[in-house]
Every structure is written in C-alpha cells, then in structure tokens.
1. Suppose we keep only residues that are among the charged types (D, E, K, R) and touching a Ser or Thr at 6+ places or on another chain (Cβ under 6 Å) within region 20-66. Which one would you say is modelled with the lowest pLDDT?
2. Counting only residues that are within 28 Å of I105 (Cα to Cα) and surrounded by fewer than 12 Cβ atoms within 10 Å (Cβ to Cβ), how many does region 26-37 have?
3. Any chance you could count how many residues in region 183-208 are of a type outside the set (K, R), crowded, with 16+ Cβ neighbours inside 10 Å and under 19 Å from the mean Cα position of the chain (by Cα)?
4. Specify the residue that is surrounded by the fewest Cβ atoms within 10 Å (Cβ to Cβ); the eligible residues are those in region 38-55 that are free of Cβ contacts under 8 Å to residues at least 60 places away in the same chain and not basic (K, R).
5. Any residue that is over 21 Å from K95 (Cβ atoms), in contact with a helix residue (DSSP H, G or I) (Cβ under 8 Å, 6 or more places away or on another chain) and buried (at least 18 other Cβ atoms within 10 Å of the Cβ) - is there at least one of those in region 148-159?
6. Name the residues in region 114-143 that are in a loop (DSSP other than H, G, I, E, B) and acidic (D, E), would you?
7. Starting from region 58-80, take each residue that is farther than 19 Å from T120 by Cβ and touching a residue at least 12 places away in the same chain (Cβ under 8 Å) and list its partners that are acidic (D, E) and surrounded by 14 or more Cβ atoms within 10 Å (Cβ to Cβ), counting only C-beta distances under 8 angstrom and pairs at least six apart or across chains.
Amino acid sequence: MNMERYINSKPDNFKPQEQEMEVFRDKHEEAVMLEALGKAQKILEAKSLKPEQFTDTYSEKLLTKCADYVANCEARFKEKDESKSFAMRIEVYGKTLEGLIYDQINNNKVFGDNVRSVITAKYDDYYAGIDSVIEGQNEDGSSYIGCALDATFGSPEKKILGIRDNIKSGVLNDVIFYESPFGDPPQIHGRLQGIPKIVIGMDSKHLTQLAELWIQNDHEGLAKNQLFLMLLRQIEQQAEVYEIVAKRTHKLEIAKRYEQIHTAISKLYKEQKTEQGIIMLESNIINDSVNQAIVQQLHSLLDLK
C-alpha cells in the first residue's frame, strides 16, 4: 500500500485545505494506532522482500533499474500536495493494516494452517500495486499460489476498476521479486508470473478495534474475530466476479486463474466458518464501510444495481 496510489485516488478538484481531517477520532484511538503502527513498521521492514536477496537471479543492471524506479517514486511522493493529516492517515492506517494482516495470517493462522503471506518488495508495491501475496500448501507438500493482495482502508473503487481494466486488456501483473514461504530451498525464487489481483480492506473503525487486540497480544480474540472471515469473503466474491468479467471479454486463461482462486478460497472460507461455529457473519462486520463499497462495486461490474 503506497502513498502515491492513494494520492492518485483523490478527485481532480482536490484541494488540501478542503480535505483536512482529524487523523484520529480521540486520544484513545491515537494511542492505539500509533503503537500499532510502530509494531507494523518493524514487521514490514523485517519481512518485506529485498532486491538484494535476488542477486543470484537478476543482473546488476536490472536491480539498479528497479532501485532507481523506487527512488523516483519516493521523490514524487514528497512533492505531492496532500495535507499533513491526509498523509499521516495513510501512513498510520495503511501500514498498520498491512503489518497486522501479514502477522495474523502467518503467526495466528487466521486463514488456516496452510496459508502464508509474503510482503512484496517496494518495487512491486509501487509498480504493480501489490502489497502481498498469499500462498497455500497442499497436503502432499506442494504449494499453490493464491493471489496478489492490495489492501485498503479507504475507497476501493479505483483499485477494483483498475483490476477490471487489466482483465479486459488481458493483463495479469508479475511480481518481480518473489520467494515462496514453502520449501527448502524455496519452491519459487524470482519472478512470479501472471498473478491474479484482489482488493481487501476494512474501515478505520474496525481496524482500530483489531489494532487494540493486536497490541494487547490477544491472540485468541484476534483468531475469533470475524473481520478476517470478512477478508476471505472479499477474496471469494471478487474472484468469482473477475472470472465472469474475464469470460465476458474472452480472456479465458485469466478466467481460469480466478476460478482456481475462487474454488480454493471458497473451500477455505467454509472451513474457517465451520471451525469457528459461524453460520453467518455478524451484521456489523458485513456493514463495514469498505466491505460494503467492495460489494457495491462488484454489483456494478455485473450490472446488478
């Protein structure tokens, strides 16, 4: 989740003074989110993939080119005219969401025992808008790639429309710097080709609730939190809709990839619900504002208004 992509999502008539907002609702939320941000930043720095891990795979020329691209992006971020509160909100909530999701998938197994998350290098985040990749392992020890994730706590509309446009153009993004979490040596080390992309997210209110459990190390409370089931449901719903979009535009290979994700995540979603004894998600979870926006946008793609 990078600042440029959020800034670019602002309306054309954006004026910083019109967008000033309180970063936090109150002092309690401020204390919770700043502590959670610190925890998330440590995780992101330690666990994100680094181009220097791939000197055995890529030429120095390519690595330098990628490093220059990242440097240019970050220079442009600094030149943007967003308000301080807008930029801080992106930093606090965006990075906390990334770090928290990674930690809970890998260390608290909220997506099941056989699913892992990989945080991408900055190049893949900035260039392809891919924050992380989830990968699963089959019973026989082989692994399967799930999908690329782009996390948000704000409006998902432009992200979803971008995925739709890529599907129509027959485009699936590559992850240049990827290393599988399974296998010794890793089953994949290098380019991950044609990875289907999904947007996931939750609103700042729910993220704050999760962040409070997280900084308290309430592993049980987090494991039972239905917000993670909501994220699985978002992946399942989008995979199904993107498969339909791909079929409508005769992109059958892309449709097949999204169908595979839909099948795998549907199975995982049902397993996780059964394990937690849940028949239906609670209304306050379903009514998360980002979740609702994702659902509405998917309906729009299918002309089901």
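1. Out of the qualifying residues, it is E20.
2. Of all residues in region 26-37, those within 28 Å of I105 (Cα to Cα) come to 28-37.
From the residues that got through so far, the ones that are surrounded by fewer than 12 Cβ atoms within 10 Å (Cβ to Cβ) too are 28.
So the answer is 1.
3. 13
4. Looking at residues that are free of Cβ contacts under 8 Å to residues at least 60 places away in the same chain and not basic (K, R), I get A46.
5. The answer is no; no qualifying residue exists.
6. Within region 114-143, the subset in a loop (DSSP other than H, G, I, E, B) is 114, 120-121, 129-131, 138-142.
Across region 114-143, the qualifying residues are D131, E139, D140.
7. Cβ pairs passing all conditions: R76/E4; K80/E4.
Residue-by-condition table, conditions (1) crowded, with 20+ Cβ neighbours inside 10 Å; (2) at pLDDT below 95; (3) part of a strand (DSSP E or B); (4) among the small types (G, A, S):
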residue	(1), (2), (3), (4)
V70	no, no, no, no
E74	no, yes, no, no
D81	no, yes, no, no
M88	no, yes, no, no
V92	yes, yes, no, no
Q104	yes, no, no, no
G112	no, yes, no, yes
I145	yes, yes, yes, no
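The values are calculated or read from the model by the stated rules, or taken from the named source; none is laboratory data. Predicted model only: the values in this text are computed from it and were never measured. Don't worry about glycine lacking a Cβ; one is built from the backbone with ideal geometry, like all the others, and counts go over all protein chains shown.
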